[in-house]
Each structure stands twice: as structure tokens, then as C-alpha cells.
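Participant: Next up is a structure, given as C-alpha cells.
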Amino acid sequence: MTAGGQSLDGGSRDYMDRLLATQGQPDPKSRRHHYVPQAYLRRWSSGEKRRRVWCLDTITGQVRQLSVKDVCVEENFYRVVGRDGTPHNRVEAMFAVVDAELARVQSLFEQLDDPDELQFDDLIGLGMTIAMQRMRTAQQRRLRLQYDAWLVAQSPEQFRIYQRPTQPIANCRGTHGVAVHQHVGGLGCNDDQIH
């Protein structure tokens, strides 16, 4: 509908430009990647400084307060290997833009008195952050890896598990790869083939 973002203007165009600008940024130093944004978690936090949230351990049943910094976070969760074969964390930089937009939209809705004050760009920002959040969780990664294994089992002549020890994303929670479509009669694959 937007020709890949080309027909966007105003705040939506600015948001898209900020996302695209992350491609050329240097590798972020942060290695602790939150798959639920801290800005979102703070909305559910308690205490004066809004730094702690109540958490339920679904395995042990234990309930306790944890720092927002220590909830829904994994080391190098968004680390990927670029086309040149170099691992990087620029996906984390992209999510920093998404998280900033989420914080803006959350604040807007919390202070909203008149729905007519909302702009179309605000709804685009909300929709984008919801869609991105749905795709960025640890659960979604586990589901994707299970789907990839199923895909390979169903069509081993078309798909295979792509294993590369230098590809950090392939080593999530004990799994060993992602399904890729094989070239007809080919031996390799490239980033465009990863499903």
C-alpha cells in the first residue's frame, strides 16, 4: 500500500527513515538484548523509580520482583551474520528505534483525552510496534525453529538445515540451524534464501 514506504510522509516517513538509517550504523556495544522493550515493561513496574516488575516463573511457580533490566533479555539475542560473513548486532539498533516509537505511542495513549487528537501516523506507529513485538520474542524464535525442522522433515529434497558455527542466530537454545531452500543442483545458499 505504501510502495515499500515510498509514499509515506510526515511522522511515518520519519519513522521509516530512522529504521533504514540503522543499516549503516556501527555495531552497537550492547550485548544484552531485550525481546520485550524496557519502556513497555516499565509501564507495568512498581516502586518510586519504576524499575521492578513482578514475574512468575512458569516452571517453579515462584513469584518475585525483578529489575526491568533483567526481564525478557538474552545475551546477543539479535546477533546475526551479515552478507560479508561478519556477525553484528545492528538488528538491536533497529529495535531501539522501534522501542522509542513504542514509548512515544504509549505516552500518547496514556495522556489522550480526545481521540480526534490522534494522527494517522500514530496508528501506523502503534501497528508497527505491535507487529514487530509479535515477531521478536523468544517464543516466536522457538516456534520458527520448530517450523523449520518440520519443513526440512517434510521436504528434505527442497530444504535443509543451514548450519554454520559462526552464525549466532542458528544456535538458539540448543537448536543447530535454520531451514533454507536449496539451489536446484546447487551446493550453497545465501542470506536471501533463509526462510
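The values are calculated or read from the model by the stated rules, or taken from the named source; none is laboratory data. Values in this document were obtained by computation on a predicted structure and should not be read as measured data. Don't worry about glycine lacking a Cβ; one is built from the backbone with ideal geometry, like all the others, and counts go over all protein chains shown. Areas reflect the complete protein model, heavy atoms only, side chains present, ligands, DNA and RNA absent. Shrake-Rupley method; radii C 1.70, N 1.55, O 1.52, S 1.80 Å.
Participant: Where residues in segment 134-158 are aliphatic (A, V, I, L, M) and more than 27 Å from V36 (Cα to Cα), which of them is most open to solvent (accessible area, probe 1.4 Å)?
Facilitator: Looking at the filtered set, the residue picked out is A153.
Participant: Another question, if that's okay. Would segment 37-48 turn up any residue that is part of a loop (DSSP other than H, G, I, E, B), open to solvent by less than 30 Å² (accessible area, probe 1.4 Å), under 25 Å from M16 (Cα atoms) and touching a Phe, Trp or Tyr at 6+ places or on another chain (Cβ under 9 Å)?
Facilitator: Yes, segment 37-48 contains a residue that is part of a loop (DSSP other than H, G, I, E, B), open to solvent by less than 30 Å² (accessible area, probe 1.4 Å), under 25 Å from M16 (Cα atoms) and touching a Phe, Trp or Tyr at 6+ places or on another chain (Cβ under 9 Å).
Participant: State the number of residues belonging to segment 55-86 that are of a type in the set (A, V, I, L, M, F, W, C) and surrounded by fewer than 12 Cβ atoms within 10 Å (Cβ to Cβ).
Facilitator: Of the residues in that region, 3 qualify.
Participant: Name the residue that is nearest to S12 (Cα to Cα), counting only residues in segment 93-128 that are acidic (D, E) and part of a helix (DSSP H, G or I).
Facilitator: Per the criteria, the residue is D121.
Participant: Quick check: anything in segment 107-115 within 26 Å of R142 (Cα to Cα), more than 15 Å from the chain's Cα centre (by Cα), loosely packed, with under 12 Cβ neighbours inside 10 Å and among the polar types (S, T, N, Q)?
Facilitator: no
Participant: Is it the case that M94 is touching a residue at least 24 places away in the same chain (Cβ under 8 Å) and either out of contact with any His (no Cβ under 9 Å at 6 or more places or on another chain) or open to solvent by 60 Å² or more (accessible area, probe 1.4 Å) (or both)?
Facilitator: yes
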